[in-house]
Amino acid sequence: MESIHPHFKLILGSSSIARRKILTDMGYQFTLMSADIDEKNIRKDKPEELVLALAEAKAEAIMQRIPDGGSLEEDKSTLLITCDQVVVYEDAVREKPSSVEEAREYIRGYSKGHTATVSSVAVTNLKTGLRKSGVDRVEIYFNEIPEETIEKLIEEGTVLKVAGALLIEHPLILPCVKEVAGTTDSVMGLPKELTEKLIKEVLAMASG
């Protein structure tokens, strides 16, 4: 896999540990920047439109913090990857839970039910301003999630920091997952296949 590319630099515009791990697993070397935006100010009717708008807003916010050409090398393109994700449950968009009670209610709803993650990726060439973005959706089906499992998850606290309080890769939740129609990397916030495709497209536009 020819992922370590000598002709471009990569910035991951996210503070997510899961996204960092996925991008590292893909063979890329990168630096980190996080976008400080008020996500609640961006509203769209469809989850796909919302996550795209948020990923693009994060890219714009980071671009404003990079001085013109300041950290960009003349002979290399610098690509910025920004992402967003929401969980969709019964047609309602779920972002990060606002309280312990909301997180508990979210997870109880998944028990013997199903939900979906909608993840966006935007890749921006900071040298040219060209951007490509896309969306990936994964459907997740659950067996029963016992009440004691829910309480342990709440107590541990990680579920309070993620969209929809959903962590299918968590050792407590994993045994309760019946089926995943899609890829785990997408559920974790960075769909590998889509990310590779967008990087290649942006680089092709730069050299075309």
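Values as computed for the structure displayed
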quantity	calculated
Degrees, to the nearest 10: 192-207 long Cα axis against longest axis of the chain	20 degrees
Global geometry of the range 31-144, whether rounded, prolate or oblate, following the gyration tensor of its Cα atoms and the 1.5 cut on a/c	prolate
Rounded to the nearest 20 debye, dipole of the chain from Cβ charges on Lys, Arg, Asp, Glu	460 debye
Rg over Rh, two decimals, the chain (C-alpha only, Kirkwood Rh)	1.00
Protection proxy ranking of 125-133, 88-96 - average other beta-carbon atoms within 10 Å, highest first	125-133, 88-96
Farthest positive-ward along the range 67-208 dipole, Cα basis, beta-carbon charges - from LEU174, GLY164, THR195	THR195
Cα-derived Rg over Rh, computed across the range 150-190 with Rh taken as Kirkwood radius	0.96
Cα centroid separation - the range 111-136 against the range 168-200, whole Å	13 Å
PHE8 accessible area, assembled protein chains, probe 1.4 Å, Å²	20 Å²
Estimated vicinal HN-Hα couplings, Hz - the range 152-161 in sequence order (Karplus 6.51, -1.76, 1.60; Gly, Pro = x)	5, 5, 5, 4, 5, x, 4, 5, 6, 9
Cα-derived Rg to Rh of the range 17-70, Kirkwood definition	1.04
Relative contact order, percent, the chain [alpha-carbon distance under 8 Å, six or more residues apart]	22 percent
Shape call, the range 97-208: gyration tensor on alpha carbons, a/c limit 1.5	prolate
Stretchable slack from GLU179 to ARG108, in nm (0.36 nm times residue separation minus alpha-carbon distance)	23.8 nm
Whole-Hz ³J(HN,Hα) from phi, Karplus 6.51 cos²θ - 1.76 cosθ + 1.60, for the range 93-105, glycine and proline x	7, 10, 9, 5, x, 8, 7, 4, 4, 5, 4, 4, 5
Gain upon complete extension [GLU201, ARG20; 0.36 nm per residue less C-alpha separation]	63.0 nm
Cβ charges +1 (Lys, Arg) and -1 (Asp, Glu), total dipole of the range 47-144, debye	160 debye
Pairwise FRET efficiency - GLU147 versus LYS76, Cβ, R0 = 41 Å, nearest 0.05	0.15
Helical mean residue ellipticity (222 nm; -39500 (n - 2.57) per DSSP H run of 4+; nearest 500) of the chain	-10000 deg cm²/dmol
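The values are calculated or read from the model by the stated rules, or taken from the named source; none is laboratory data. Note that the structure is predicted; figures quoted are calculated from it, not measured. FYI the Cβ positions are ideal-geometry reconstructions off the backbone, even for glycines, and counts take in every protein chain you see. Heads up: the accessible areas ignore ligands, DNA and RNA and are worked out on the full protein's heavy atoms, side chains in. Shrake-Rupley method; radii C 1.70, N 1.55, O 1.52, S 1.80 Å.
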